[in-house]
Amino acid sequence: MSEIGPILRALLRNKTSALLIAGQCALTLAIVVNALFIIVARQELMQRPTGLDGENIVYVQSMGFTRDFRPEAVIREDLDLLRRLPGVVAASPINAIPLSGGGSSRGYSKEENTESEGIGAAYYELDEQGQKALGLNLTAGRWFRPEDVQALPENTDQYPYQAVISQAMARKLYGEDAPLGKRLYFQNGQRSVAIIGVVEHLPSAWVHAENFPYSVVYPRITTEKFIRYALRTEPGRRDELMPVVEQALRKANAGRIIRLRTQSEASARSYRGDKAMNIILASVSGLIVVITALGIVGLATFSVRRRTRQIGTRRALGASQWQVLRYFLVENWLLTTIGVLLGSGLAVALNLYLVETYSLERLNLWYLPAAAVLLWLLGWAAVYAPARRASRISPATATRNI
Amino acid sequence: MLSMHNISKVFRTDLVQTHALRDFSLEVAAGEFVAVTGPSGSGKTTFLNIAGLLENFDGGSYRLDGVDVAGLSDSALARLRNEKIGFIFQSFNLIPDLNLFDNVDVPLRYRGFSAAERKQRIEEALEKVGLGARMKHLPSQLSGGQQQRAAIARALAGSPRFLLADEPTGNLDSLMARQVMELLEQLHEEGTTIVMVTHDAELARRAPRNIHVLDGAVSDLHVVGTPSLRAATV
């Protein structure tokens, strides 16, 4: 490293190529750091805990079209049939599919007639098997009993008296206070329900919404021609049971259209955009890194060729192969370091722009040293082959007329 | 100082073998100033490359300052070059991006001297060749003669046992060539061993000892003046 001074002074006399590589490194760092930050943020978004047994849940949608279709009776028969199928752990009617992008929500508050401090939350309607059907983890209170569940038509003023809420919603509304027994008020309305239980997680239908972790569950079955069931299979039997379920329901009542959808499909569909964006960002970042590496290789190769006589002279004056190799590694390290310093500033500036314009999160500054280390390694890997070729230049080159 | 016995060097291509040196033998004692002359293609540069440990040889033996160089590793040869030999090249071979101070510093850094010692040696060497005031100049800011003097300063700074000069005045006009030659003579008078390869017969005559190389072998010996010398002939 003792050569840093002369190398730096020599670089300053060849500003164009030095700036080219340093600038390329700076741009790479700025773009890749922000891209990685976005990728990781989206990855974390996609990996948030859902509390659902995602791999084993199937939703069955039944749309009755015959005139004599009697929803209440059909629901009763269907549930009886589904729960008796071997391999089905539990089944419950459900009004909306978590993480699917479509569902119902409402504003809630902890006090009556207040417009302040309310929060929006998804609401679900499940029966006594709902907890088991979704694989939810109850952390306080109890789940609904059969006698709690009310079968009601869609447009009615009647509402159940109890609710189970998600833990995130409980914390948001009541802080550290125990939510059990407290009343949950519908915002801008007189109605309220008593909280009888808390589940660890139950996400809303909207994966990008701020109220993603807030949800309320009522013990209710909406008796309409469009019915949706959530059923949970024994682990690993979901795909095997899906055609069995469809066939059994068709056989039980042919006057309807049946569609099956898994929780995995619903989640994947909601996160499709995030996944695609991550693939694009990762590909572009990878491409930029490759282009930068090729740029370093190209410039280093050119530099070695241009300095063949000079390298031969250094060898003649006593430089060992290792010392020549080290010279190029140090030179590249210096250029990369200039790029890292410039790129760090650029990365922060780009992030601030993204924060201002697209409301992204502030960059975690730990990304900068991590990216610097990666860029140094990339630079060394890229310059190694040309540097190795340089170190093999014969010292006799010094006396040749090139 | 330099003892070569029956050195041979063959350059091979797929079609041709060229014997650059055949049974080349030469001894140079400490303190000698030897001029090596010969026509183009006679093997002068090959001799210089082998003598300067820049190139390997195929046969024979070579001892430099008592060290048998055959079979030495690349790094050992580099160390030996750095410690024992000062090179003066026809095209000066200064590094264009470094000023004179940094140019002279190059071999000293490889030697591992401390910063203080390097500074002292660089300043002394540049003063000696009359370039003490131009340390911060780039080679491109100097005349050819000054560049060659700077190259001599670089060769001298590490206090080598002998100087190898490859056509040191080949790229200079007569005035500058004379100045450089006077500098080499001064160094010789101070006890430095010098081997100089040159085309210039007049310049060669100024060296106390001449050898002529022809077809890869020493063909003629000519001693001007004194020193204790012994040359093996073919």
Reachable lysines from B:Lys119, criterion Cα separation under 18 angstrom, eight or more residues apart if same chain: B:Lys128, B:Lys136
Angle in degrees between helix B:115-128 and the longest Cα principal axis of chain B, rounded to the nearest 10: 80 degrees
Loop sites in region B:167-219: GluC sites (Glu not before Pro), DSSP, at most 15 other Cβ within 10 Å: B:Glu190
Kirkwood Rh (inverse of mean 1/r, distinct Cα pairs), region A:66-254, angstrom: 17.3 Å
Helix-only [θ]222 nm of chain A, DSSP H runs n ≥ 4, -39500 (n - 2.57) each, per residue, nearest 500: -16500 deg cm²/dmol
Lysine pairs within region A:66-254, Cα separation less than 30 Å, 8 or more sequence positions apart or different chains: 9
Per residue, the convex hull volume that the Cα atoms of region A:8-111 enclose (Å³): 288 Å³
Net charge, A:Ala178 excluded, C-beta distance under 15 Å - Lys, Arg +1, Asp, Glu -1: +4
Between helix B:100-111 and chain B: long-axis angle, C-alpha atoms, 0 to 90°, nearest 10: 60 degrees
Candidates A:Ala205, A:Ala140, A:Ala91: whichever shows maximal mean-square fluctuation once chain A is modelled as a Gaussian network with Cα springs under 10 Å: A:Ala140
Kyte-Doolittle at least -1.0, axis length at least 27 Å by Cα - qualifying DSSP helices, chain A: A:15-46, A:272-306, A:321-358, A:367-391
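Relative contact order for chain A: what is it in percent, counting Cα pairs under 8 Å that are at least 6 residues apart?
Worked out over chain A, it gives 28 percent.
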With DNA, RNA and ligands ignored, accessible area of A:Val340 (1.4 Å probe; Å², nearest 10): 10 Å²
Interchain or long-range residues, amide H under 5 Å from A:Gln150's placed H: A:Arg220, A:Ile221
DSSP-defined beta bridges in the protein assembly as shown - what % are antiparallel, rounded to 5: 65 percent
Three-way shape call for the protein assembly as shown based on the alpha-carbon gyration tensor, with the a/c threshold at 1.5: prolate
Span from the region B:127-190 Cα centroid across to the region A:248-277 one, whole angstrom: 87 Å
Cα long-axis angle, helix B:74-84 against chain B (0 to 90 degrees, to the nearest 10): 70 degrees
Prolate/oblate/rounded label for region A:107-219 (Cα gyration tensor, a/c 1.5): rounded
Hull volume in cubic angstrom per residue (convex hull over the Cα atoms of region B:1-102): 154 Å³
Ranking by accessible area, most exposed first, for B:Ile85, A:Ile257, A:Ile31 with a 1.4 Å probe: A:Ile257, A:Ile31, B:Ile85
Percent RCO, i.e. relative contact order, over region A:130-264, from Cα pairs under 8 Å lying at least 6 residues apart: 30 percent
FRET efficiency for B:Thr18 and A:Arg392, using Cβ-Cβ distance with R0 set to 30 Å, rounded to 0.05: 0.85
Taking all pairs of distinct alpha-carbon atoms in region B:76-234, Kirkwood radius in angstrom: 16.4 Å
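So which trypsin sites (Lys or Arg not before Pro) in region A:16-102 are both in a DSSP loop and have at most 13 other Cβ atoms within 10 Å of their Cβ?
Answer in residue order: A:Arg67.
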log10 of Debye I(q)/I(0), alpha-carbon scatterers only, for region A:219-280 at 0.29 Å⁻¹: -1.24
Heavy-atom SASA rank of A:Phe65, B:Phe113, A:Phe212 (probe 1.4 Å, accessible area, largest first): A:Phe65, B:Phe113, A:Phe212
Solvent accessible area, Å² - A:Tyr159, 1.4 Å probe, full protein context: 30 Å²
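Just need the relative contact order of chain B here, percent rounded to a whole number, with Cα pairs under 8 Å and 6+ apart.
Answer for chain B is 32 percent.
The values are calculated or read from the model by the stated rules, or taken from the named source; none is laboratory data. Being a predicted model, the structure only gives us computed values, none of them experimental. Neighbour counts are summed over all protein chains in view; Cβ atoms, including those assigned to glycine, are modelled from backbone coordinates with ideal geometry. Accessible surface areas use protein heavy atoms only, side chains included; no ligands, DNA or RNA. Shrake-Rupley method; radii C 1.70, N 1.55, O 1.52, S 1.80 Å.
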